[in-house]
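Trainee: Would you mind keeping the following structure in view while I ask a few things?
The values are calculated or read from the model by the stated rules, or taken from the named source; none is laboratory data. All values derive from a computational prediction rather than experimental measurement. Please note: Cβ atoms are built from the backbone with ideal geometry, for glycine as well, and neighbour counts cover all protein chains shown.
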Amino acid sequence: MSASPEDFERAAQLRRELEVHEHAYYVLDAPTVPDAEYDRLFRELDALERRHPELLVPDSPTRRVGGAPVPGLVPVRHAVPMLSIRSETRTETDTASGGVIAFDTRVRNALELGPDAPPVEYLGELKFDGLAISLRYENGMLVRAATRGDGYTGEDVTHSVRTIRQIPLRLAGRPPALIEVRGEIYMRRDAFERLNARQSKTGGKVFVNPRNAAAGAVRQLDARIAAQRPLSFFAYGFGEIGESGGWNMPATQGQMLDALDAFGIPVCEHRVVSSGPEGLIAFHDRIAAMRDSLPYDIDGVVYKVNRFDLQRRLGFVTREPRWAVAHKYPAQEEITELVDIEIQVGRTGALTPVARLKPVFVGGVTVTNATLHNEEEIQRKGLLIGDQVIVRRAGDVIPQIVAPVVERRNGSERPFVMPHTCPVCGSHAEKQPDEAVTRCSGGLFCAAQRKQALLHFAGRRAMDIEGLGDKLVDQLVDGGIVKTPADLYRLGLVKLANLPRMADKSAANLLAAIEKSRHTTLARFIFALGIRNVGEATAKELARHFGSLDALIDADVERLQQVPDVGPIVAHSIAGFFAEMHNREVIEQLRAAGVHWDEGAPAVAADGAASGKTFVLTGALPTMSRDDAKALIESHGGKVSGSVSKKTDYVVAGAEAGSKLAKAQELGVAILDEDGLRRLLEQPA
Ligand code: IVH
C-alpha cells in the first residue's frame, strides 16, 4: 500500500521534531526531551520509512548511517582553496604580545592607515586541534564533505561526515542556495579517553591523540565504523557562497559566525571582538588559563581582521591570508628520550615502572617522568629503554608516554625487564595470577609498605591498638622510631612523650593499649599480618583449621586449599608471605617481644584417614545435610567431587541413592554409610 498524505505529513513532522531535539542535544548541549522520547520518535520515523520507502528523503535523521563502505576516497577540487594561517609563537617574538602588535602593524601598513586612523577591529577565536573540513550545502542540504588535502584538492568524506550528529544534514532558516561551511572536526578529550580504553580492551589500535583519532574516523571507508567514533565540529569560516537569495551576506567574521549558528551549525562560544590589538592579548591570556579545563584540545588562538571588506583588501601572501594570524600555545606533545625505567613501590607493595625522561617542556610544564602502570603496558606500547618517545600532557592530566618513535632507533636501545625482587627491601616480588601488577612479598618488612602495614596491624579488628592512627604512624615511621610492628612493643614512654604534639597522658594511654594488645587470639594475629587476600573471615578459618601459627606457616599450597574458602590465589598469597624470610623474622621478633595468642588444638587431624582422599556423596544421609557432610570431609583433609570415577576413593551413600551408587559398585569403589564415614574420619592415618 502506498503512503497516504497523512503518512507524508507525519514523516515530515517527525523529522522536524527529531532535528530540533538533535540540535538541542548535540549542538546546544541542552537536551529538550529524555533519550527514551527521542528514541521513540526515531523508531516511529524509521518504521514509517521502512513501510513506505517513497517517504525517504536524503536528509532524514534515519539516513545518517547507511549504505555499503566506499571503495576508496575520491579527490575533490576546492572551488575556494583551504589555506593555512601564519603562526607566531613565543619563540619567534620576545613576548606574548609581540606577535599581536607586529600583526596589527602589518595590517595597518598594508591598509595604509596613518597613526591617527582609528583602531582596526579584530576577532579572536580558538585554534581547534582537529582536522579541517569543508561542508557543501546546496539548497540547504548537505551534499558533500571534503577534507582539506593539500588545500586545493581534498578527499570526499561525505559518507562518514554524515554520521556526525553535530553536523546538520539540512540547514535551518533561509540559507543561500549554495554555501560551503569551513571548520574543524575534532574529538573531545573524554570521548578520546573512552575510545582508547575500548580499543585497548578489544585489542584494537590505540590512538596517539584526539586529532589522529578524529582524522582516522573521518577517513574511514566504512561509515559504520566512523559512526562509532564520537566526533564534534566547530565552524570558523566559509568557502564558496552562491546566489544569496533572500539571505544577507554578513559584513564581518563575527556576524558570519552568528549566521552559521542560526543555520544550526556549531560555533564555539569562546571568541572576542577587540578594537585594536590590546583586547587580543587579554583574550590570549584568558584562554591560556582555561586551556587545560576545556573539554577539547586547542593549539592556540587565531586573530582575524573582523571586516570582510578589509580582509579582501588585505588579500593573501603565497598561501596565507594577510588578515589572520595564529598565536600558538606550548605544544602538548613533544619528543624526548626515555632515559630509563625505574621501579617504584607503592603502599600496597605494587611495583610500578616509572619512565625517567630527558626533561622536556610539554603542555606548559617540564616533564621528567611518567608512570607506565605495569609491565604489560610497556609491552603493549613497545617501549625500549633509550627510545625517543612521544610524551603527551593535555588538560590537567598526568603526562603520558604515547608511543616510541621507532624510526629514530639506532640499535642501542634495550628492553625493560621486570625485576624479581623488590628494589626497596629485596624481598621476592611476584605477579599474582589474574593481576597485571607485580607485588613485593615483604609486607611487614618493606619500608615502602611500612605505614600501611602498621596501620593495618594496629586496626580495631586486628591487634586493636587504640590511639595508633595515621598521624602517629607518620611520625613514628618518618622519625625512624618504628620500622616493623615488633618495634611497637619496644617503645618507651620517654621516646613517645618526646614526639611533637604528644602529651604525657596520651603517650601513657598508647603504651597501655600496646601492652594490652600483647595478648590476642590466633585469628586476630593472622589477620594483623596483612597477608594479601586474607581478610578477617579467612583469618578465622585459618586459625580454626590449623590451630597454631607454626602449622599455618608450614602448610603448603595444597594443604592451604583444604581450608574452606581458600582457593589457589589466596593459598598462593599465604604461602608466598611465609616463604619470605623477612616476614618470618618480624614474626619471630614479635614473639620475642612477648606477643602471644591462644592456640587451640587443630580442628583438623591433618593427617587423618580422609586426608587427600576423594569422596562422592549420593542420596540422603540420616542426620547430616549434604553441605554438613562436605564440610566435615573437607575439614579432615578430604575432597568432595560430583561424579564417580576410578579416582574416587569413597562413595558415601544414603537413602534413595541412584546411579552414582551403581557406578561405584561397578568400579569397585568403597561404599560407606553415614556411620561408616564418621568412623573413618575419627581414625588416625
Ligand atoms: S581560519 C584562510 N580559524 O588551522 C584561513 N582556521 O593553519 C583559514 N584552524 O587547518 C583558516 N581553528 O583547520 C581558522 N578558528 C580557526 C581555526 C583554524 C583551527 C585550523 C584550520 C587549518 C589551520 C590553518
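Trainee: When the residues of the stretch 488-506 are filtered to those that are in a helix (DSSP H, G or I) and touching a residue at least 12 places away in the same chain (Cβ under 8 Å), which remaining residue is nearest to Ala447 (Cα to Cα)?
Mentor: Out of the qualifying residues, it is Leu488.
Trainee: Check Arg106 against each of (1) away from the ligand (no atom under 16 Å from the Cβ); (2) modelled with pLDDT under 95; (3) outside any loop (DSSP other than H, G, I, E, B) and name the one condition it does not meet.
Mentor: All conditions pass for Arg106, except number (1).
Trainee: Can you pull out every residue in the stretch 456-486 that is crowded, with 19+ Cβ neighbours inside 10 Å and part of a helix (DSSP H, G or I)?
Mentor: His456, Phe457, Ala458, Leu472, Val473, Leu476, Pro485, Ala486
Trainee: Condition first: farther than 14 Å from Phe527 by Cα and touching a Leu at 6+ places or on another chain (Cβ under 7 Å). Now tell me which residues in the stretch 566-582 satisfy that.
Mentor: Val566, Ala571, Ala575
Trainee: Identify, from the list Arg148, Arg194, Arg189, Arg211, the residue that is under 22 Å from the mean Cα position of the chain (by Cα) and surrounded by 18 or more Cβ atoms within 10 Å (Cβ to Cβ).
Mentor: The unique qualifying residue is Arg211.
Trainee: Pick from the stretch 112-128 the residues that are within 16 Å of the ligand (Cβ to nearest atom) and in contact with a Gly (Cβ under 9 Å, 6 or more places away or on another chain): which of them is nearest to Met290 (Cα to Cα)?
Mentor: The selected residue is Leu126.
Trainee: From the list Arg224, Arg219, which residue is of a type in the set (Lys, Arg) and within 16 Å of the ligand (Cβ to nearest atom)?
Mentor: Arg219
Trainee: Tell me yes or no: at least one residue of the stretch 239-251 is in contact (Cβ under 8 Å) with a residue 12 or more places away in the chain, within 16 Å of the ligand (Cβ to nearest atom) and within 12 Å of Glu125 (Cβ to Cβ).
Mentor: So far as the stretch 239-251 goes, no, none of its residues is in contact (Cβ under 8 Å) with a residue 12 or more places away in the chain, within 16 Å of the ligand (Cβ to nearest atom) and within 12 Å of Glu125 (Cβ to Cβ).
Here is a yes/no grid of residues against (1) in contact (Cβ under 8 Å) with a residue 60 or more places away in the chain; (2) surrounded by fewer than 18 Cβ atoms within 10 Å (Cβ to Cβ); (3) touching a His at 6+ places or on another chain (Cβ under 9 Å); (4) among the polar types (S, T, N, Q):
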site: Ile287; (1), (2), (3), (4): yes, no, yes, no
site: Pro295; (1), (2), (3), (4): yes, yes, no, no
site: Asp299; (1), (2), (3), (4): yes, no, no, no
site: Arg307; (1), (2), (3), (4): yes, no, no, no
site: Gly315; (1), (2), (3), (4): no, yes, no, no
site: Pro321; (1), (2), (3), (4): yes, yes, no, no
site: Leu338; (1), (2), (3), (4): yes, no, no, no
site: Val345; (1), (2), (3), (4): yes, no, no, no
site: Pro353; (1), (2), (3), (4): yes, no, yes, no
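Trainee: Given Glu407, Glu430, which one is farther than 24 Å from Gly203 by Cβ, charged (D, E, K, R) and either in contact with a Lys or Arg (Cβ under 7 Å, 6 or more places away or on another chain) or in a loop (DSSP other than H, G, I, E, B) (or both)?
Mentor: The match here is Glu430.
Trainee: Output the residue which, of all residues in the stretch 284-311 that are part of a helix (DSSP H, G or I) and modelled with pLDDT of 95 or more, is nearest to the ligand (Cβ to nearest atom).
Mentor: Gln311
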